[in-house]
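Input: a single structure, listed below in structure tokens.
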Amino acid sequence: MDGTTGDPFRSPSTVAVDLRRDMVDYITQRSDSFIADALIESEANQDVPGVEVPDDPFDTVSIFMDDFASTKRNIIGHVSGWLLTDSRNDKIDDFVQEMEATKFWPLERREAVAELLLKNINLKTRFHCPEKYENEERLEDHKAQCSFRHCANDGCRARVSVRCVKDHDAACVYKLLQCEQGYDKRLLRRDMDRHCITIYPMRPIKCPFGCDSSFPDRDLERHCTEFLQPHLLMVLKTIHKKGRSEQDLKDLAQKLEKFDGDGKLAKALDARPLTNVVKDLEAKMKGG
């Protein structure tokens, strides 16, 4: 929508429906003549180095899509007034959600278009099975030994060539994996990063006070308790930048810890809250 010509007198959904229909018609027609066009182009460019017909269907369809988009851009780059409003991004997000909710282009229909394109442009049948059978029985027999099969991971709808199974399995987001950090939990590959970064209690973290330590996330409180004096010294050096010797600050750190009857110092898990607690305790010590 953003890079194609819209109509200020039509709704975005109407424009999108027309664009989808035009796009499918265009790329389907291009795919119908792809083999003949590829042979002609190959013969014409056989003496030109570096000019090759794309072997990967993804690259071929990408060319079709780019060509289609170029036919929808007019000279002055006019887009619909809907896209030029101040709340453009919000309206685009709302529009995308509306299309998903109303099943603007269901997965089944997209798969049907993809299958047709693949059959039309996959010259060497590396990415689809060309076999056809007249009855279901023979078809079922073939499926058991077909080189193209559905991914075995629950939730994945991919159909993969047997020779590409290992590559797909190594990247499939629906693959169940053991936690990379050794935690006793199995989860989908797509959830692994979030698990290790935000959920996993054994994820390694660095000391928030800047000392040269790293430890599991779950041990942060214990670390802050065990290394309270070094952390206090770091904070005191920041608060009292001048006029205090190293030994004076060490003595002050010990006094603060003794004066802290509620244990607030050890409960501060970052430099800012610890600084606030220290300032509060110093004020009370002076006032007392």
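D for region 241-288, whole µm²/s, Stokes-Einstein with Kirkwood Rh over alpha-carbon pairs at 20 °C and 1.002 mPa s: what number?
189 µm²/s
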* Determine, from the Cβ-Cβ distance of Cys146 and Asp184 and an R0 of 35 Å, the FRET efficiency 1/(1 + (r/R0)^6), rounded to the nearest 0.05. => 0.40
* Asked: Taking the Cα atoms of region 129-200, what is the range of coordinates along each of the three principal axes, in descending order and whole Å?
  -> 54, 19, 15
* Structure fact -> Over all directions, region 149-288 yields a Cα convex hull whose mean projected area in nm² is 12.0 nm²
* For region 206-263, what does the alpha-carbon gyration tensor say about shape, rounded, prolate or oblate, given a ≥ b ≥ c as the root eigenvalues, a/c under 1.5 as rounded, and a/b over b/c as prolate? -> oblate
* Show which lysines lie in cross-link reach of Lys267 when reach means a straight Cα distance below 29 angstrom and same-chain residues fewer than eight apart are skipped. => Lys206, Lys237, Lys241, Lys242, Lys250, Lys255, Lys258, Lys279, Lys284, Lys286
* To do: Measure off 7 Å from each Cα along the Cα-to-Cβ vector at Arg163 and Lys103, then give the distance between these two points in nanometres to one decimal.
  => 3.8 nm
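Bear in mind these aren't lab numbers, they're just calculated from the coordinates by the rules spelled out. Just so you know, these numbers come straight off a predicted model, no measurement behind them. Cβ coordinates were reconstructed from backbone atoms using ideal geometry, including for glycine residues, and neighbour counts include every protein chain displayed.
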